[in-house]
Every structure is written in C-alpha cells, then in structure tokens.
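Report on the structure given below.
The values are calculated or read from the model by the stated rules, or taken from the named source; none is laboratory data. Being a predicted model, the structure only gives us computed values, none of them experimental. All Cβ positions, glycine included, derive from the backbone under ideal geometry; neighbour counts span all protein chains shown.
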Amino acid sequence: MKDRQRAYIYLHISVFLWGFTAILGKLISLQALPLVWWRVILCCLTLLLTFPLQALRDMPRWLIYKMLGIGFIVGLHWMCFYSSIKLSNASVAVTTMAATAFFSALAEPLLFKQKIKWHEMILGLLILPGMALVVGNIDWNMRLGFAVGILGALLAAIFTALNKQIVMRDQPPALVMSFVEMFGVFLVTSLFLPVFTLFLPQMSIYPSAMDWLWLGVLAWFCTLLPYTLTLKSMQQLSAFIANLSINLEPIYGIILAGIIFREDRDLNTGFYLGVLIILLAVFGHPFLKKRFEKEEAVENVLS
C-alpha cells in the first residue's frame, strides 16, 4: 500500500471516530470546560505511558513552546465545540465544523504567505450556502450554539495549518507531539477552570460514574487514536484536504444523533438540504483539484 493511500485511510478512520465525539459530549453530564479538562487529563496520563520521555527531552525548547501554543488553540476549539453542543444539539454542533474548510482555504496562505489555491477557495465558498440553510432552519435558541461552533471551526483551521507546518518541517514523533499539545490543552483549560467555577458555582467539575465511562471512550478512542493518526496522515496530505475530509464528520454525527437522541425530530428538510450541499463540496474536491492541477501544469509548460 502506498504512503498516500495509507494516509487517506488513517484520516478517514479518524473522521469516523470523531463522529462519535458530539454524541459522547451529549451523553456526558459535565459542562464544556470540565469535560475538556478531564478528557485531556486522561489523554496526557495515557500518553506518558506510551512513549520514551527521552524523546521529549531531546526536542528543542522552541519547538515544545510552539506545540504548547498550538495546544492552547486546540483547547479553545474543544471548549467552543462542546459549548456548541450544550447550547444547541449534537447535529448543529458537528455541522458547524464544515466551515473549517472555508477557513482553511484562507488560513494556510495567510499564515505561511503562500499563493491562494482558487479551487480550495471555491469549495470553501460552496459550503457557505449549505451553512446558511443549516442556520436558517434551526430554532433561534440554537443559534448561539451555532455561532460558538463557527468560532470553533475557525480555530480548527488555524491549528491544523500550524500542525501541518510542524509535521512537514520538523517531523517530531507523532506521540510526543500529541502529548505536548494535549498538555497545552490541559494548561489552557486549567487557567479557565477557576474563573468559571468562581462565576458559575453551580457548575459541577466532578464526573459521575457513567461520565467516567464515556470520558474514557472519548479520551482513548475518539481523541488519542484519531489525533495521532491525523498527524501521521498529514505527512502526506495537505491541511486543506484534512479539513475538507473532516467535513464528513457531520454525517456520522447527525446519523448517530438521529438514532440515539432522535434529533431528527428537531430538524427539518432545509437543514438536511444544507448538509447535502456541504457533502457535495467535500466530494467535489478531488475533481476540482485534478482540473486545476492540469491547468497549472499546462501554464507552466507554456511559460
């Protein structure tokens, strides 16, 4: 099997597993901040047992600090995502992640001073009507959750682009990179936790017995495994392709939410039409990419 094919398999396994995160976020009774805090504690403790600490000691300090910074962004993204679930529902929250492709088409060129790839911009723009249909067909009381989810999508585009740069340029071991970034998530959530408990004294930070079960599944099978596989896949794939593929996550999430929580009763035809438009953009990427690459190759030959 070719490395690129293996990378696609890793990526789509990750996307499938991420489809369960919104369901688990709904099942866990904790609010978004303590949920992310406990999730990342379990991840960090597990990772400490899976890689030699010498690999971390040998890593340059500046690289560790950069990955910690990315971890901060990941933590903010997760807090937005789970807040979106709590403020709306699982289906709406996972749908907002489709905006990541649009933000990604802008984030990589702006962050790294690269030329904008117009086929990626076109696909990102094609997703916007789908998003408009989605937001136009949900209750007003869910729109705050939608807005928070969109902010989370922007943060996802930024940290994915930054991760792509580190993976391609510095090539740190995937497990070590996962640990440092997870520790960054732990730091940022630990900074926010005392503030939230001060202003929201009724917020529980201690998981129930069932919460521990779902947190374990979330940490081990829906965080560590897909996070590591995604980092490996990015050695072969662009950040845009990764983010565009992640747009399949709403499909898994919406199907599961419909089956488990019967959220299909709360969502109408317009919502699902919007999701369909988003899917068409996802599956249209390979065709547009192939066409634009051919045109660029012809232009290079003629020039």
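The set of residues in the range 105-129 being crowded, with 22+ Cβ neighbours inside 10 Å and at pLDDT 80 or above consists of A107 alone.
The set of residues from the range 1-51 being aliphatic (A, V, I, L, M), closer than 25 Å to I259 by Cβ and surrounded by fewer than 18 Cβ atoms within 10 Å (Cβ to Cβ) comprises just one member, I13.
Within the range 125-150, the set of residues being among the β-branched types (V, I, T) and over 18 Å from the mean Cα position of the chain (by Cα) comprises V134, V135, I138.
Tell me, which helices (runs of 4 or more DSSP H) wholly within the range 6-79 include 3 or more residues that are in contact (Cβ under 8 Å) with a residue 12 or more places away in the chain and within 25 Å of I254 (Cα to Cα)? Reasoning before the result, please.
Details: elements: 21-27, 32-48, 53-57.
Here the list reads 21-27, 32-48.
For I13, the criteria (1) more than 19 Å from the chain's Cα centre (by Cα); (2) closer than 24 Å to S233 by Cα hold in every case but one, which is (1).
Of all the helices (runs of 4 or more DSSP H) wholly in the range 127-245, which have at least 2 residues that are more than 19 Å from F20 (Cα to Cα)?
Details: elements: 143-169, 174-199, 209-219, 225-233.
Per the criteria, 143-169, 174-199, 225-233.
Quick check on I85: is it more than 12 Å from the chain's Cα centre (by Cα), part of a helix (DSSP H, G or I), within 24 Å of G258 (Cβ to Cβ) and aliphatic (A, V, I, L, M)? Yes, satisfied. From the list T189, T228, the lone residue that is over 24 Å from N89 (Cα atoms), within 18 Å of the chain's Cα centre (by Cα) and buried (at least 16 other Cβ atoms within 10 Å of the Cβ) is T228.
Condition check: at pLDDT below 80 and not basic (K, R). Does Y227 satisfy that?
So Y227 fails the test.
Are any residues in the range 88-112 without any contact (Cβ under 8 Å) to a residue 60 or more places away in the chain and more than 15 Å from the chain's Cα centre (by Cα), and if so, which ones? Scanning the range 88-112 gives L106, P109, L110, L111, F112.
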